[in-house]
1. What nm distance separates the two modelled labels at ALA176 and VAL17, each placed 7 Å from Cα along Cα→Cβ?
2. May I ask you to derive the FRET efficiency for ALA129 and TYR63 from their Cβ-Cβ distance with R0 = 45 Å, giving the value to the nearest 0.05?
3. Which shape class, rounded, prolate or oblate, goes with region 55-111 when its Cα gyration tensor gives a ≥ b ≥ c as root eigenvalues, a/c under 1.5 marks rounded, and past that a/b bigger than b/c marks prolate?
4. Using a basic spin-label model with each label point 7 Å from the Cα along Cα→Cβ, how many nm lie between ILE5 and THR248?
5. Hey, can you grab everything whose amide H is under 5 Å from the amide H of VAL120? Only 5+ residues off in sequence or another chain; H modelled, so Pro and N-termini drop out.
6. If I model a spin label as a point 7 Å beyond the Cα along the Cα-Cβ vector, how far apart are those points for ASP119 and ALA183 in nm?
7. Any chance you could run the full-extension gain for ALA146 through ALA90? It's 0.36 nm times the residue separation minus the Cα-Cα distance, nm to one decimal.
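FYI, it's all coordinate maths here, none of it is from the lab. From a predicted model like this one, the values you see are computed outputs, not experimental measurements. Positions of Cβ are backbone-derived with ideal geometry, glycine not excepted, and every protein chain shown enters the neighbour counts.
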Amino acid sequence: MESLITLAATIAVLLVVAGCGVALAAMYPRRRTAASGSTAFPRLSSMAPRISGEPEFLSRLPYTRTTHLLTGDHRALFAALNAAAPDDLAVLPHVRLADILSVEPHTTQPERYRERIRDVVLDVVLCDAQTTAPRLAVLFAQPGAARRAAFIDAALISAGVPVLRLTRDEPPSVDALALQIAAALGMPARCSSFPAEWPAPDEQRNGAAVISMPEVIGVPREPVRYACGRCHRYVAPRARRCPHCGATLAA
């Protein structure tokens, strides 16, 4: 009987020792994880959301405002176009070519054509004041980059956007610029030296009022220009082959 009691006591002691060992083994990894800074869980205070309306204090960033958005020739051109453009057109400076042109669907290698217009910035674009549809691109001449200028002109004309090239040395007057805009758009131009509003009757002739009408000048539309798809130089309208690079032109 005593041997059975001794055996039961020994088994109980062994079970207690084994249980303590398992408990210590389970607690040891938790202590090591909490001690290391790289694997520790973030504190609840750092995960708390910012209270709405609480100010966020940042150090001052190194930015300053530019004095003028346009300078030099571009500012003079912007002022002249605002005075010469029709009332239904808005003048927008520094417009990206990729914002007004897109590659036609089912074009072979479309990314190549997108890349060619991605970094091009137009000097000024006249657009519809209500719908913002592009109507005319006004660009300065680029004597040192004739091939690049020819490509830009060909891209715009192919998309149905007329181009007006101006020289920096001799900018046109407001009246001359109004005539050039009207010619590019194929619309009559009104001379700015006459009042735009309808004048009142100024004299009587045979009992009828005579009204002085503002002078309206009819300007013929400029002919469409064609460019080679390989070298982007201008070619004749019915040319079958480019005289510059020899490429075969589409009929």
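1. It is 11.1 nm.
2. Between ALA129 and TYR63 the formula returns 0.90.
3. Numbers: a/c = 2.73, a/b = 1.19, b/c = 2.29.
Oblate is the answer for region 55-111, as a/c is 1.5 or above yet b/c matches or exceeds a/b.
4. The modelled label-to-label distance comes out at 11.6 nm.
5. LEU97, ALA98
6. Placing both labels 7 Å along Cα→Cβ, they lie 3.4 nm apart.
7. Fully extending the segment from ALA146 to ALA90 adds 17.3 nm.
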